[in-house]
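S.K.: Submitted below is the structure of interest, expressed as structure tokens.
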Amino acid sequence: MAHHEIPLSSPDITKHEEELVMEVLRSRRLSIGPMQERFESLVAQRCGTTHAIACSSGTAGLHMVMVALGIGPGDEVITTPFSFIASANAILYVGAKPVFVDICPSSLNASPELIEKAITPRTKAILAVEAFGNPKFFDEYQKIAAKHEIPLIEDSCEALGTVYRGVPAGSFGRAGVFGFYPNKQITTGEGGMIVTNDDHLADACRSLRNQGRAVAGRGSIAGGSTAGSWLHHERLGFNYRMSEINAALGVAQMERLDQLIERRNDTANRYIERLLDVPDLMLPTIDPECSVMSWFVFVVRLAAGYTREERDRVIAGLRMHEIGAGDYFPCIHLQPIYQRAMGLPAGSYPIAESVSQRTIALPFYADLTRRDVDLVAQTLELMISRENLARRD
Ligand SMILES: *Cc1c(COP(=O)(O)O)cnc(C)c1O
């Protein structure tokens, strides 16, 4: 079996990244400089938006968008229970209430019908997530948001580069947010980016990330002598800035984005080819309207009827063979913090709950070799057949 470790994810860093990071270090300009601007314009260009605002993480970006939209206590925001916890946490940060709706079992994205049913006079936004990069329903979310005159916030942290019905991920919503943790399509170590066409929202986010300072050249206190100065703070802001070192990584990675997406696509296709005929295994399905699928992770699922314990044993078996595997994602509403905050009982979102106990994230990164994909597929098949044998005894 595996004679070397195959991690779940691994960033793809080349000489180009090293050179740009060194360029920043040699320049002595380590924050608020030209690299951030270069990174922002590359992402804005890619998403076709007028603004991109770099920040310290995807989570920070989501938090700022919530604040900038004025969402707060008493407000409801509709979102998915099947996501990384940061998407719902952004709603709790501002004291608003997450209203979860169940997901569609094939795309794993929130059901548009259930979103519409969940809208009340207190609904202030829809916060939607492209699960594992899958953009299904984002055109429908847009229509629902427009019809009810509420903003669509797009947590596109898993979907940089995805294009659906001609629209790049990130640009469906009033604002889209990307994250650049090392397991994402591109990484800055830590980092995030807000994209939007809304000038007012963009200015608010630029101010919020920089301790509530006025945006340069747009001091809002007419005639005020200190407006726009370093120690003039107009609102309760944060330090959510991105350093020039992180931005340099971002520039280098954006310049290689097409190549990275292509290689991740090759890996996904190889997995699909190798796993298509494995009994009791369900593979991800991508809508043909998705002209560019930018895969975040490759998540397969055991057939209905498999228990969480069986799935966990398959994951443990892969890990025993030094193959990284993950249980992406446990449902948010069942996390201890959400149990304390909201106390939603198990069974509240049956599809999300059933799916989440059967998913297995497989090793997935740009330079994963075909041989390693074959090895992972072979080992996974073996682990599943072992579970089937155990069942029959
Ligand atoms: C990664 C991720 C985030 C958070 O990004 P960070 O940069 O790690 O803060 C938010 N939402 C989703 C859906 C993610 O996958």
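The values are calculated or read from the model by the stated rules, or taken from the named source; none is laboratory data. As the structure is a prediction and not an experimental result, all values here were calculated from the model. A quick note on method: Cβ atoms are made from the backbone with ideal geometry, for glycine too, and the neighbour counts reach across all protein chains shown.
S.K.: Kindly indicate whether any position in segment 83-90 is more than 10 Å from the ligand (Cβ to nearest atom) and among the hydroxyl-bearing types (Ser, Thr, Tyr).
M.R.: no
S.K.: Related question: List, please: which pairs have Cβ atoms under 8 Å, are six or more places apart or on different chains, and start with a residue in segment 174-194 that is over 20 Å from Glu37 (Cα atoms) and within 8 Å of the ligand (Cβ to nearest atom) and end with one that is modelled with pLDDT of 95 or more and in a strand (DSSP E or B)?
M.R.: Every condition considered, the pairs that remain are Lys184/Phe178.
S.K.: Considering Asp199, Asp203, Asp155, which residue is assigned by TED's automatic domain parsing to the domain that holds Glu76 and either in contact with a strand residue (DSSP E or B) (Cβ under 7 Å, 6 or more places away or on another chain) or within 16 Å of the ligand (Cβ to nearest atom) (or both)?
M.R.: Sole residue among the options that is assigned by TED's automatic domain parsing to the domain that holds Glu76 and either in contact with a strand residue (DSSP E or B) (Cβ under 7 Å, 6 or more places away or on another chain) or within 16 Å of the ligand (Cβ to nearest atom) (or both): Asp155.
S.K.: On to the next question. Residues being assigned to a helix (DSSP H, G or I) and within 15 Å of the ligand (Cβ to nearest atom): count how many of those fall in segment 130-140.
M.R.: 4
S.K.: Considering only segment 118-127, I want to know if a residue exists there that is away from the ligand (no atom under 12 Å from the Cβ) and part of a helix (DSSP H, G or I).
M.R.: Looking through segment 118-127, at least one residue is away from the ligand (no atom under 12 Å from the Cβ) and part of a helix (DSSP H, G or I).
S.K.: Go through segment 71-82 and count every residue that is away from the ligand (no atom under 16 Å from the Cβ) and in a loop (DSSP other than H, G, I, E, B).
M.R.: Residues flagged as away from the ligand (no atom under 16 Å from the Cβ) and in a loop (DSSP other than H, G, I, E, B) within segment 71-82 amount to 5.
S.K.: For segment 298-393, which fully contained helices (runs of 4 or more DSSP H) count at least 1 residues that are at pLDDT 95 or above and closer than 22 Å to Leu283 by Cβ?
M.R.: So the answer is 308-320, 350-356, 370-392.
S.K.: Quick one: in segment 103-146, of everything that is of a type in the set (D, E, K, R) and surrounded by 20 or more Cβ atoms within 10 Å (Cβ to Cβ), which residue is farthest from Ile286 (Cα to Cα)?
M.R.: Looking at the filtered set, the residue picked out is Lys124.
Quick grid of which residues meet (1) of a type in the set (D, E, K, R); (2) outside any loop (DSSP other than H, G, I, E, B); (3) under 18 Å from Ser294 (Cβ atoms):
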site: Tyr181; (1), (2), (3): no, no, yes
site: Cys205; (1), (2), (3): no, yes, no
site: Ser229; (1), (2), (3): no, no, no
site: Gly237; (1), (2), (3): no, no, no
site: Gly250; (1), (2), (3): no, yes, yes
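S.K.: If you go through segment 53-108, how many residues are touching a helix residue (DSSP H, G or I) at 6+ places or on another chain (Cβ under 6 Å) and closer than 21 Å to Tyr328 by Cβ?
M.R.: Summing the residues that are touching a helix residue (DSSP H, G or I) at 6+ places or on another chain (Cβ under 6 Å) and closer than 21 Å to Tyr328 by Cβ in segment 53-108 gives 16.
S.K.: A further question on this structure: Pull up segment 53-70, narrow it to residues that are outside any helix (DSSP H, G or I) and buried (at least 24 other Cβ atoms within 10 Å of the Cβ), then point me to the one that is farthest from the ligand (Cβ to nearest atom).
M.R.: Ile53
S.K.: Take segment 279-291 and flag every residue that is crowded, with 17+ Cβ neighbours inside 10 Å and out of contact with any Phe, Trp or Tyr (no Cβ under 8 Å at 6 or more places or on another chain).
M.R.: Leu281, Met282, Ile286 - these are the residues of segment 279-291 that are crowded, with 17+ Cβ neighbours inside 10 Å and out of contact with any Phe, Trp or Tyr (no Cβ under 8 Å at 6 or more places or on another chain).
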